[in-house]
Amino acid sequence: MRRHLKLLACAMLATALAGARAQTPPELSLTRLDCGSSAPAGDVSRFSDTFAFNGLRMQIVFSCYLIRHGQEYMLWDTGHALTAPNVAPKVSLVEQLAQLQLKPEQVKFIGISHYHPDHIGQAGSFPQAQLLIGKGDWDNITSAKPVATNPAFVAHWIDGGGKVETVPLDKDVFGDGTVVMLATPGHTPGHHSLLVRLAQSGVVLLSGDLAHLRENYDSFGVPNFNTHRAETLASLDRFKKIAATLNATVILQHDARDVGKLPAFPASAK
Ligand SMILES: [Zn+2]
């Protein structure tokens, strides 16, 4: 009897282990991609609506990100178009993915932080991907008079050629909590940031343009071209609380000083 119980216990343990193996989380990685040529340090006055930066000159960088989730891939932002004057990327997203042995068709999702042209410029290179974009931003980009954007960059989706999911609040992209679009409106009506939970590196928060520069992030500074000041402050409050709670690495996507927080391309954080 006792021997039977032992065998039964062994069998149950084996089943449990097999179950645990089946639930092993998919491998995640995060790679920084260059998405525009950094101009030399320029006047950043427009990034403060309280005249805090008058006379200050700083370098702005342009970045996009590749998230691997098992065998599925997501791009976060698609950067400047190759036709952008002065700031066009030297190497396209498609060419950068090729260096990682990836084809454009392998990108399942394009997550967009917001509708400004430096974040949607190369979306058209991934026509098979599902577009994930804040509802407030989609409403502007598809309106009769879109403001501060170029709908041509996402015409494929506007015209019904590709799948779009408009995101009103947060969006758990893969359904397991590892990659979550966070509603952080204010820079634009549907602005989102991205939370990525990595196994070794911990939680990484990609800002979108919630803050462009560390000076604004630290001081609750608001650019003079944001669509909603109060929403920006509330979003900064939420984002900073999440960063503190989860002990996250915060990456301000336009801040040159944050580039080194991720391994240099083609390496990735895991
Ligand atoms: Zn931007």
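Output yes when any residue across segment 21-44 is loosely packed, with under 15 Cβ neighbours inside 10 Å and modelled with pLDDT under 55, and no when none is.
yes
Just to verify a result, which residue in segment 236-270, among those that are of a type in the set (S, T, N, Q) and at negative phi, is surrounded by the most Cβ atoms within 10 Å (Cβ to Cβ)?
Gln253
Out of all the residues in segment 216-235, is one or more surrounded by fewer than 19 Cβ atoms within 10 Å (Cβ to Cβ), in contact with a strand residue (DSSP E or B) (Cβ under 9 Å, 6 or more places away or on another chain) and on the phi < 0 side of the Ramachandran plot?
The answer is no, given that none of the residues of segment 216-235 is surrounded by fewer than 19 Cβ atoms within 10 Å (Cβ to Cβ), in contact with a strand residue (DSSP E or B) (Cβ under 9 Å, 6 or more places away or on another chain) and on the phi < 0 side of the Ramachandran plot.
Being in a loop (DSSP other than H, G, I, E, B), within 16 Å of the ligand (Cβ to nearest atom) and in contact with a Lys or Arg (Cβ under 9 Å, 6 or more places away or on another chain) is the filter here; which residues of segment 214-252 pass it?
Val222, Pro223, Asn224, Phe225, Leu252
If Gly121 satisfies every condition in (1) under 16 Å from Thr227 (Cβ atoms); (2) under 16 Å from the mean Cα position of the chain (by Cα) but one, which is the exception?
Of the numbered conditions (1) under 16 Å from Thr227 (Cβ atoms); (2) under 16 Å from the mean Cα position of the chain (by Cα), the odd one out for Gly121 is (1).
Any residue at all in segment 155-177 that's under 19 Å from Gly79 (Cα atoms), within 16 Å of the ligand (Cβ to nearest atom) and either of a type in the set (S, T, N, Q) or buried (at least 19 other Cβ atoms within 10 Å of the Cβ) (or both)?
no
This table checks each residue for (1) among the hydroxyl-bearing types (Ser, Thr, Tyr); (2) closer than 22 Å to Glu165 by Cα; (3) loosely packed, with under 15 Cβ neighbours inside 10 Å.
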residue: Arg46; (1), (2), (3): no, no, yes
residue: Thr50; (1), (2), (3): yes, no, yes
residue: Phe53; (1), (2), (3): no, no, no
residue: Ile60; (1), (2), (3): no, no, no
residue: Cys64; (1), (2), (3): no, yes, no
residue: Ile67; (1), (2), (3): no, yes, no
residue: Met74; (1), (2), (3): no, yes, no
residue: Ala84; (1), (2), (3): no, no, no
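Need pairs with beta-carbon distance below 7 Å; first residue without any contact (Cβ under 8 Å) to a residue 12 or more places away in the chain and within segment 204-219, second within 13 Å of the ligand (Cβ to nearest atom) and part of a loop (DSSP other than H, G, I, E, B); sequence gap 6+ or separate chains.
Every condition considered, no pair remains.
Against the condition within 27 Å of Ser92 (Cβ to Cβ) and within 16 Å of the ligand (Cβ to nearest atom), how does Gly260 come out, does it pass?
Judged against the criteria, Gly260 is not a match.
Please work out which residue is nearest to the ligand (Cβ to nearest atom), limiting yourself to segment 199-213 and to residues that are outside any strand (DSSP E or B) and not hydrophobic (A, V, I, L, M, F, W, C).
Per the stated criteria, the residue is Asp209.
The values are calculated or read from the model by the stated rules, or taken from the named source; none is laboratory data. Here the structure is a predicted model, which is why all the values come from computation and not from measurement. Reconstructed Cβ throughout: ideal geometry from the backbone, glycine too, with neighbour counts over all protein chains shown.
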